[in-house]
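Written out below as structure tokens is the structure these notes cover.
Derivation of every value follows stated rules applied to the coordinates shown; laboratory data play no part. Everything numeric in this text was worked out from a predicted model, so none of it was measured. Neighbour counts run over all protein chains shown; Cβ positions are idealised from the backbone, glycine included.
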Amino acid sequence: MKKRLNADKVNVNGKTVNVGIDVHKQSWQVTALIEGVVVTAVTIKPSCGVLQKLLAQFKGAKIRIAYEAGPAGFNLYDNLTADGIECIVVPPSLLPVESGNRVKTDKRDSRKLAQYLEKNLLKRVYVLTKQERAHRQFLRTRRQLSNHRTDVMRQIKSLLLFHGIPLPGVNAGFWTPTFLASLRAVETEEYLSRSLNTLIDLYEYLTQQVKQLTKEVRGLARTEKYEKRVKLLKTIPGVGMLSAMEILTELQDVSRFPTADQLAAYLGLTPSQYSSGQMVRMGRITHMGNHRLRMRMVECSWILIKKDSELHKIYEAIKKRRGGKRAIIAISRKLIIRIRRILLDGVSYRTECRTTA
């Protein structure tokens, strides 16, 4: 590392300043490099305004900034790009790693980002627009509430089992108003009854919220941005409106994946590989990338293999050799690849299958 210089003593006109920011909730560690020389290394408040004042000293230079993707989201990216500054958000899992280096500090992380940025060694995250991020969050919120409701159902069943209370005679497979009313009518100790009714209240509240959000998702699916693509995806057996919207809000512009393999890798549906010399061993899928979309693909694939005879044969063949779990993952990979083709070509599922058969 070259000697650190004072930014005020460096002529920055026409030069490129590479800035690495280690972003945290309470502070940002900022390191700026010019031609390999550290000209600024400071800790600032987590504020875009404070950062802009710091960057003002580099007037006349080209500024490039990198920071890691994390819980702070993309607000910093939005503000910097709005100011005309080149900014990249880096996936932490793809950062270069120095073998044997076990020292990790905010200052070092910030400096490494600036160094790797200067050498063009950083990968970047595709950043959705504010509107696209809002749509994605809306679908994720609906899914979270739905999962929460499922957790409450399990809690109710566990409570009944633990206290030796049999399920009412009404079909418990369907949580209808009649079944819930029969649950409320269960006679038991006062405080146990209150616990049960509180869980039932929570279940009913979450049910209403999920219904309302589902209604609004249907309205979003009918907008010009999504309507045509939703109709195309619904031609796939096993993909309904909700699954189609989850796919679209997570991926948005599918053309950002130049190849099908890159899209599969984004979902973590690419087999890991261990190779050395003449030995080549393929392992389990990487599990890296968008786990939400990977789960949706698996869910849809279970229905798809029941309705698509070709994929059902492929599933059964792989199942005999590698087991059911690996077989359904293989089908999920085929499904997301076909989805990419459908969206790129604007054709239905059956048309796409005939052209690729």
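Are any of the residues in the stretch 50-65 within 27 Å of the chain's Cα centre (by Cα) and closer than 30 Å to Leu263 by Cβ? Scanning the stretch 50-65, I find at least one residue that is within 27 Å of the chain's Cα centre (by Cα) and closer than 30 Å to Leu263 by Cβ, so the answer is yes. Within the option set Lys123, Lys112, being more than 16 Å from Val19 (Cβ to Cβ) and in contact (Cβ under 8 Å) with a residue 12 or more places away in the chain holds for one residue only, Lys123.
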